[in-house]
1. For segment 148-212, with every protein chain kept in place, what is the accessible area per residue (1.4 Å probe, Å²)?
2. Going by average Cβ neighbours within 10 Å, how do the peptides 35-45, 144-154, 93-103 rank, with the highest at the top?
3. Evaluate Rg over Rh across segment 1-96, taking Cα atoms for both radii and Kirkwood's formula for Rh.
4. I'd like to check one number: the per residue accessible area of segment 39-104, probe 1.4 Å, reported in Å² as a whole number.
5. Compute the Cα gyration tensor for segment 79-212, then decide on rounded, prolate or oblate, letting a ≥ b ≥ c be the square roots of its eigenvalues: rounded whenever a/c is under 1.5, prolate when a/b is larger than b/c in the other cases, and oblate in all that remain.
6. Could you please state how large a percent of the accessible area of segment 36-125 is carbon and sulfur, counting protein chains only and using a 1.4 Å probe?
7. How much net charge surrounds ALA149 when only the other residues with a Cβ under 15 Å from the Cβ of ALA149 are counted, with Lys and Arg +1 and Asp and Glu -1?
Amino acid sequence: MSLPFVIAVDGPAAAGKGTLARRLAQHLGLPYLDTGLLYRAVGRRALDAGADPADPVAAEAAARTLAPADLERGDLRGPVADAAASKVAAIGGVRAALLDFQRRFGAEHGAVLDGRDIGTVVFPEARLKLFVTASPEVRALRRHAELAARGAAPSLDEVARDMADRDARDANRGVAPLRPAEDAKVLDTSGLDADAVFEIALSWAVAAQKAT
Ligand code: DC
């Protein structure tokens, strides 16, 4: 059976992929999955168990017992969850444990999924693959503004440093490193607002839908 319409949206932190993926899903009437939340929830569960999120045994156990309610918790954002998520995400057993859930989610009715490896590993056969990126300076400014709006106030330097660490871990890990799929359309959002990004991506999505 052929795969329903799946859009893979990958890219580094704070490039605008979540905002874009959510809008595309809403506009096209497709389910949406923020796959970063899965890794965040696994990181939190490892911390709850008193473990180091980089410990493969503890992290894999947390991933294997992940429940839908874990995705609803209120502490999945912020620097602690950011760092824990990127540590568990480097562990092959964690990624394998989360793969099935993601594939089932998309294969049922089609979907928009955002993450780091959707176009390369989870849905290499997706009909549209986007790699959404922006310069490190722009991404740090965006994340800083986002944190300030939520009442947290790390300095811009701290935000930039945390982001650079996370980017390096995501891009250099041995399993499913962050990189564009060969057939991904790369969208640099550095000089674009959210509406402009959406219009470009929507035109590609409409074309991809028509082509099949
Ligand atoms: O998109 P995000 O910032 O919520 O992702 C949190 C962490 O999880 C990030 O360090 C990368 C990792 N991640 C991943 O490795 N693969 C995914 N499909 C989604 C997120």
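1. Accessible area per residue, segment 148-212: 61 Å².
2. 35-45, 93-103, 144-154
3. In segment 1-96, Rg relative to Rh is 1.01.
4. Details: 3090 Å² over 66 residues.
Counting only protein heavy atoms, the per-residue value for segment 39-104 is 47 Å².
5. oblate
6. Working: 2170 of 3840 Å².
For segment 36-125, the apolar C and S fraction of the accessible surface comes to 56 percent.
7. +3
The values are calculated or read from the model by the stated rules, or taken from the named source; none is laboratory data. Model, not experiment: these values are computed from the prediction. For neighbour counting, all protein chains shown are included, and Cβ atoms are generated from backbone atoms with ideal geometry for every residue, glycine included. Protein only, heavy atoms only, side chains kept; ligands, DNA and RNA dropped before computing areas. Shrake-Rupley method; radii C 1.70, N 1.55, O 1.52, S 1.80 Å.
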